[in-house]
Amino acid sequence: MAHRTRFAAAALVLAALGAQAQTAAPMAAPAPMAAAAAPAASGVLVQRNLSLALANQIATAAVASCAANGYAVSATVVDRAGVVRAVQRADNAGPHTLGSSERKAWTSASAKAPTQALMEGAQKNPAAANLVNIPGYLLLGGGVPVKVGNEVIGGVGVGGAPGGHLDEQCANAALEQVKGLLN
């Protein structure tokens, strides 16, 4: 019973503090910070993102690039939030290639780095080896961030070639084909 009483008292204190914080007047920031924070004060962000048309072009180009080398692959393109925008699966591509291409695309967009480089880093650095424990991460070559300048706006993942380095070549070839649209 004493435990319940302490819990109830703690809940009342937290509720009172929350109510007080909501009704308290906002503190004014020092002049230099206030000026710097002004554009974000509205709480609305303006971000570039992948259109469906561009995502489809990238996926199609990745599958075509691998097909030209005799590889039946899947390609997935995700937006900056890791949400799938486009998927292409070549005839005769294995069913596992869908999942691997999605995870590679998501990992590269999330980490803002190619998955081949992430894999190599994890192999060389014991602390980075824990990246494999992050849900959804796939440390195999074939995922490449989609960038406008230095800003990552998505990721493309390719799965199914006989090596992650070959998947990555197809992803990079696709991005090379659409580089004029990434501005």
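All of the numbers you see were taken from the coordinates with simple rules; none came from a lab. Quick caveat: nothing in here was measured; it's all calculated off a predicted structure. Using ideal geometry, Cβ is built from the backbone for each residue, glycine included, and neighbour counts are taken over all protein chains shown.
Below is a table of values for the structure above.
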{"read-out": "Kirkwood-type radius of the range 60-143, with distances r between different C-alpha atoms, in Å", "value": "13.2 Å"}
{"read-out": "Whole-Å distance, taken between Cα centres, linking the range 77-116 and the range 140-159", "value": "9 Å"}
{"read-out": "Segment residue 42-residue 129, length gained on full extension (0.36 nm per residue, minus Cα span)", "value": "27.3 nm"}
{"read-out": "Dipole magnitude of the range 29-183 about its Cα centre (Cβ charges: Lys, Arg +1; Asp, Glu -1), debye to nearest 20", "value": "220 debye"}
{"read-out": "³J(HN,Hα), Karplus 6.51/-1.76/1.60, whole Hz, each residue of the range 115-123, x for Gly, Pro", "value": "5, 4, 5, 5, 4, 5, x, 5, 6"}
{"read-out": "The range 89-183: C-alpha gyration tensor shape, a/c 1.5 cut-off, then a/b vs b/c", "value": "oblate"}
{"read-out": "Length released on extending from residue 52 to residue 120, taking residue separation times 0.36 nm less the Cα-Cα span", "value": "21.3 nm"}
{"read-out": "Ordering of 108-114, 118-124, 138-144 by burial proxy (mean other Cβ atoms within 10 Å per residue, highest first)", "value": "138-144, 108-114, 118-124"}
{"read-out": "Straight-distance crosslink candidates among aspartates and glutamates, where the alpha carbon sits under 18 Å from residue 104 and sequence neighbours closer than 8 are dropped", "value": "79, 120, 167, 168"}
